[in-house]
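S.K.: Shown below is the structure under consideration.
What follows is calculated from the coordinates using simple rules that are stated; it is not laboratory data. These numbers come from a predicted model, not from an experiment. Quick reminder, even Gly has a Cβ in these numbers, built from the backbone with ideal geometry, and neighbours come from all protein chains shown.
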Number of protein chains: 2
Amino acid sequence: MWNANLSCIPCGSDCGTNVAEVFGFVSSGRFQIEGPKYRQNHMASVENPASPTAEGRLAQEFAVPSHVEAERVRMAEFAERHGSAGRRVVLITSGGTKVPLESRTVRFLDNFSSGRRGASSAEYFLDSGYAVIFLHRHRSLYPYTRLYSGVNLLDTLQMEGEGSSGQVVVDQVALPNIRAVLKRYRAVKEAGLLLPVEFSTLSEYLHLLKAAAQALSSIGPKAMFYLAAAVSDFYIPASEMPEHKIQSSNGPLQISMKMVPKMLSPLVKDWAPQAFVISFKLETDATILLERARRALDTYRHQAVVANVLDTRRGYVVVVTSDTQAELALTEEDSHKGVEIEERIVGNLSAAHSNFIAQQG
Amino acid sequence: MWNANLSCIPCGSDCGTNVAEVFGFVSSGRFQIEGPKYRQNHMASVENPASPTAEGRLAQEFAVPSHVEAERVRMAEFAERHGSAGRRVVLITSGGTKVPLESRTVRFLDNFSSGRRGASSAEYFLDSGYAVIFLHRHRSLYPYTRLYSGVNLLDTLQMEGEGSSGQVVVDQVALPNIRAVLKRYRAVKEAGLLLPVEFSTLSEYLHLLKAAAQALSSIGPKAMFYLAAAVSDFYIPASEMPEHKIQSSNGPLQISMKMVPKMLSPLVKDWAPQAFVISFKLETDATILLERARRALDTYRHQAVVANVLDTRRGYVVVVTSDTQAELALTEEDSHKGVEIEERIVGNLSAAHSNFIAQQG
């Protein structure tokens, strides 16, 4: 969860070249996709050894979803409205990306993420006065409703009256604190402070991220990117994918996946060069975490990495910048009281964002 | 969705041998898992060419989740209670399986499935007098609540009164038909007719399916298996899996996956030989569908295959048995009225189940 691989694992300068040399294919036993397109691409890379840029690869290898332009307009209007009201705007990415293995997709690769980090962070950013664009995986956790995600709706309702008429009332024990939560949700909604945008596939995510960066460029340093989504590092290009469901009767499955272009690079350099950019780094191995976080900062030159380990992510993170390293941790007492680590993360980053804006001005 | 690959794609008699010869590994660039265990397994398969049975492979290659025995007891009590009341019991499997690529899982392979087919079928089986064990993927669609799955809970509630006291009431326009649905949900729950059991990973699914089959064996032909889950055909054995998150900095990803043992074989032959067993076959290519369905019936000798194509699955299926082939289709008028194809499927199969029981008696 909460791992913007796209932003966190530096590819090193040779990555583009590696990728150009190896094209993804899926094979199941005798079935193997190495058609004319494979050879064409492969030969092209031999003839022209220059590494394509991440932005170039995005345009060439990932089809633009039809709704991206409309979403870009919605996001730009949102950013402009709040920017001109003097409000900061944060783009939060949240949830995992779906990477299809077949064109008519039955199977896909996914990244573990419920979207909890992104959804709760959105609430704390709203409490801190930000307007929030919430770019999230379809059906991942959502601000405020996430508090009741484990509950079956029908177990929380009670009927009054008989037959088909009468009220249906919420059991406020089953939905604790529901009046306060509902009030806050309504206030945010009525003030137009939260703009939800959905993705499912990696391709949708990447194009919507670019659209968001373009939409937020008008408000300069007042924009924050909080890249908490768990983005796949690997994918199979559409041209290398089988159309139909892979048949298990063809035997064991061999999958070869290309590396996803690292969008943090054009985001920081070209799309939103004035913005305050935060990436997330999730590892399962604590011993390599900080080194990887530092390497990401060195590579992309953005403002901070929130580093965390899978097993302890709900109680401990390190916010790493080029010259600081802040450990944020919950005590047992904090956890007991229901304090969430995202409150600390957002507090730390919104203060840093204030300094950043002051320095730019 | 609704594809019990485990039951639908026949492996042919040589499958076990194929599988024994090729062991799964994951490699990312320079990193490749071909440790002692790989060689040991591989050599073992050379020394002993006999194909292990599906049941043997389940025991050897998939760790038993700790809660399986408790779930088996719950299911056995449920089956016994309803069986002795003269009721039929259907085990419905629903949703997709998660196949981890790392031991401390960040990435996994998944199968497309919202769980809609299983959840709506459960309602029609309950309406037809069955007791239902609902073996479903965690957070997939659930009977009755599935009707409101696209709705944000907080958009459907209204506060009465001020401050922290007063009722919270459902907007019955936002949750259409809620009183009737709630009444039916409550009646089913109070009568104890629906037993939910959850899985996430493939391993959990396989062991819980075996436990369910054992639990239902006491009621003989009164048990139906309705295997609508979208079960992965491929997996990586725990012994071949990297412990930590695969690093994208190591380059493109090569994945080699083993075939999942086909559990339909021991289910029909050994675990529940008296039961009425239905598998599902989902294809994206309509031209191979019926041939695959027939091949599954020939291989496993169970009672029926529900064959469907990804694009048309909500309006058209074919129920294939050894000597019949029934097309079930919704007209435009049906769809307009909100008739669901699962009502027809359940009607067809519960009638066939009655004949089956009569023949056994």
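S.K.: Within 10 Å of each Cβ in peptide B:159-165, how many partner chain Cβ atoms are there on average? Round it to a whole number, please.
M.R.: Mean partner-chain Cβ count within 10 Å for B:159-165: 3.
S.K.: Could you order the peptides A:221-231, B:196-206 from most to least packed, using the average number of other C-beta atoms within 10 Å per residue? Working shown, then result.
M.R.: Working: A:221-231: 27.4, B:196-206: 22.0.
Listed from highest to lowest mean packing, they are A:221-231, B:196-206.
S.K.: Work out from phi, with θ = phi - 60° and the Karplus expression 6.51 cos²θ - 1.76 cosθ + 1.60, the ³J(HN,Hα) of each residue of the range A:303-310, listed in order in whole Hz, and give x for Gly and Pro.
M.R.: 8, 7, 10, 8, 9, 8, 10, 3
S.K.: For the range B:168-228, state what percent of all Cα-Cα pairs lands in each successive 5 Å bin, counting from 0 Å until the bin that includes the largest distance.
M.R.: Spelled out per bin, shortest first, that is 3, 13, 15, 16, 15, 14, 10, 8, 5, 1.
S.K.: For A:Phe108, what charge total do you get from the other residues with a beta carbon under 9 Å from its beta carbon, if Lys and Arg give +1 and Asp and Glu give -1? All intermediate terms of the calculation are to be shown ahead of the outcome.
M.R.: On the way: positive: A:Lys98, A:Arg107; negative: A:Glu102, A:Asp110, B:Asp110.
Around A:Phe108, the charge tally is -1.
S.K.: Oh, and also: Please list, ordered by chain and number, the residues whose modelled amide H lies under 5 Å from the amide H of A:Arg107; skip anything fewer than 5 residues away on the same chain.
M.R.: Under 5 Å from the amide H of A:Arg107: A:Leu101, A:Glu102, B:Phe112.
S.K.: In vacuum, with every alpha carbon of the range A:219-269 counted as one equal point scatterer, what does the Debye formula give for log10 I(q)/I(0) at q = 0.23, 0.24, 0.30 Å⁻¹? Two decimals, please.
M.R.: -1.02, -1.07, -1.26
S.K.: Taking beta carbons within 10 Å but only from partner chains, what does the mean come to for residues B:166-177? Provide the component values of the computation, followed by the final result.
M.R.: On the way: counts 2, 7, 9, 6, 9, 1, 5, 0, 0, 4, 0, 1.
What the average comes to for B:166-177 is 4.
S.K.: May I pose another question? Please list, ordered by chain and number, the residues whose modelled amide H lies under 5 Å from the amide H of B:Lys98; skip anything fewer than 5 residues away on the same chain.
M.R.: HN-HN under 5 Å from B:Lys98: B:Thr201, B:Leu202.
S.K.: Right, next: Which net charge results when you count Lys and Arg as +1 and Asp and Glu as -1 among the other residues whose beta-carbon is under 9 Å from that of A:Ser94?
M.R.: Around A:Ser94, the charge tally is +3.
S.K.: Given 20 Å bins starting at zero, what is the percent of C-alpha pairs of chain B in each, up to the one with the largest pair distance?
M.R.: Going out from 0 Å in 20 Å bins, chain B shows 27, 54, 18, 1 percent.
S.K.: Which value at 222 nm does the protein assembly as shown reach when only helices count, each DSSP H run of 4 or more adding -39,500 (n - 2.57), with the total divided by all residues and rounded to the nearest 500 deg cm²/dmol?
M.R.: On the way: 22 runs with 252 residues, N = 722.
Per the formula, -10500 deg cm²/dmol.
S.K.: How large is the charge dipole for the protein assembly as shown, taken about the Cα centre, if only the Cβ atoms of Lys, Arg (+1) and Asp, Glu (-1) carry charge, to the nearest 20 debye? Intermediate results must be reported in sequence, preceding the final value.
M.R.: Numbers: 74 positive and 76 negative charges, 17 e Å.
It works out to roughly 80 debye.
S.K.: Hey, with R₀ at 60 Å, roughly what FRET efficiency would A:Ala187 and B:Thr312 work out to, going by the Cβ-Cβ distance, to 0.05?
M.R.: On the way: r = 45 Å, r/R0 = 0.75.
Rounded to the nearest 0.05, the efficiency is 0.85.
S.K.: Tell me the Kirkwood radius of the range A:270-326: reciprocal of the mean inverse pair distance over distinct alpha-carbon atoms, in Å.
M.R.: On the way: mean 1/r = 0.0858 Å⁻¹.
It works out to 11.7 Å.
S.K.: How much length is gained if the chain between B:Asn355 and B:Ile288 is pulled fully straight, taking 0.36 nm per residue apart and subtracting their Cα-Cα distance, in nm to one decimal? Can you show the working numbers first?
M.R.: Working: separation 67, 0.36 × 67 = 24.12 nm, distance 2.96 nm.
Between B:Asn355 and B:Ile288, full extension yields an extra 21.2 nm.
S.K.: Quantify how strongly other chains surround peptide B:222-235 by giving the mean number of their Cβ atoms within 10 Å of each of its Cβ atoms. Display every interim value, and only then the final one.
M.R.: Details: counts 0, 0, 0, 0, 0, 0, 0, 0, 2, 0, 3, 11, 9, 1.
Mean inter-chain Cβ contacts per residue within 10 Å come to 2.
S.K.: Among rounded, prolate and oblate, which fits the range B:70-217 when a ≥ b ≥ c are the square roots of the eigenvalues of its C-alpha gyration tensor, a/c under 1.5 means rounded, and a/b larger than b/c means prolate? Kindly include the intermediate steps, with their values, before the conclusion.
M.R.: Working: a/c = 2.32, a/b = 1.32, b/c = 1.76.
Since a/c reaches 1.5 but b/c is at least a/b, the shape of the range B:70-217 is classed as oblate.
S.K.: Same structure again: What list of ³J(HN,Hα) couplings, whole Hz, do you get for the range A:75-87 from phi and the Karplus terms 6.51, -1.76, 1.60, once you set θ to phi - 60° and write x for glycine and proline?
M.R.: 5, 5, 4, 4, 4, 5, 4, 6, x, 6, 8, x, 9
S.K.: List the extent of the Cα atoms of the range A:304-361 along each of their three principal axes, largest first, rounded to whole Å.
M.R.: On the principal axes, the range A:304-361 reaches 41, 21, 13 Å in Cα extent.
S.K.: Then there's this: Pull up the cross-link candidates among the lysines for B:Lys269, meaning alpha carbon to alpha carbon under 18 Å and not fewer than 8 places away within one chain.
M.R.: B:Lys210, B:Lys222
S.K.: Which whole-percent values make up P(r) of the range A:142-256 when all C-alpha to C-alpha distances are grouped in 5 Å steps starting at zero?
M.R.: Taking every Cα pair in the range A:142-256, the percentages come to 2, 7, 10, 12, 12, 12, 10, 10, 9, 9, 6, 2, 0.
S.K.: Measuring from a point 7 Å out along Cα→Cβ, what nm distances, shortest first, does B:Val173 have to its partners in the other copies?
M.R.: Here the equivalent label points are 3.3 nm apart from this one.
S.K.: If you don't mind, another one. Rg over Rh of the range B:241-361, using C-alpha atoms and the Kirkwood radius, what does it come to? All intermediate terms of the calculation are to be shown ahead of the outcome.
M.R.: Details: Rg = 19.2 Å, Rh = 17.1 Å.
So for the range B:241-361, dividing Rg by the Kirkwood Rh gives 1.12.
S.K.: 5 Å is the cut-off here: which amide hydrogens, built 1.01 Å from N in the peptide plane, fall below it relative to A:Gly115, excluding neighbours closer than 5 in sequence?
M.R.: A:Trp2, A:Gly95, A:Leu141
S.K.: Now a separate question. Hey, in the GNM for chain A with a 10 angstrom Cα cutoff, which one of A:Ser84, A:Ser66, A:Ser249 fluctuates hardest?
M.R.: Comparing A:Ser84, A:Ser66, A:Ser249 in the GNM, the peak value goes to A:Ser249.
S.K.: Could you work out the equivalent-ellipsoid semi-axes for the range A:121-163, taking the square root of 5 times each eigenvalue of the Cα gyration tensor, largest first, in whole Å? List each step's numbers first, then the result.
M.R.: On the way: eigenvalues 188, 36, 16 Å².
Square roots of five times the eigenvalues give 31, 13, 9 Å.
S.K.: Considering chain B as a Gaussian network with a 10 Å cut-off on Cα pairs, which listed residue, B:Arg116, B:Arg137, B:Arg107, attains the greatest mean-square fluctuation?
M.R.: In this elastic network of chain B, the residue with the biggest mean-square fluctuation among B:Arg116, B:Arg137, B:Arg107 is B:Arg107.
S.K.: Just subtract the alpha-carbon distance of A:Val64 and A:Ser165 from 0.36 nm times their residue separation and send over the number in nm, one decimal.
M.R.: Details: separation 101, 0.36 × 101 = 36.36 nm, distance 4.84 nm.
Stretched fully, the A:Val64-A:Ser165 segment lengthens by 31.5 nm.
S.K.: Are there GluC sites (Glu not before Pro) in the range B:102-179 that DSSP marks as loop and that have at most 10 other Cβ atoms within 10 Å, and which are they? Don't jump to the answer; show the numbers that get you there.
M.R.: Values: sites: B:Glu102, B:Glu123, B:Glu160, B:Glu162; in loops: B:Glu102, B:Glu160, B:Glu162.
Of the GluC sites (Glu not before Pro), the ones in loops of the range B:102-179 whose Cβ has at most 10 other Cβ atoms within 10 Å are B:Glu162.
S.K.: Right, here's the next one. Give, to the nearest whole percent, the P(r) tail of the protein assembly as shown beyond 38 angstrom, counting all Cα pairs. The partial results should precede the final answer.
M.R.: On the way: 107648 of 260281 pairs.
Considering the protein assembly as shown, 41 percent of its Cα-Cα pairs are separated by more than 38 Å.
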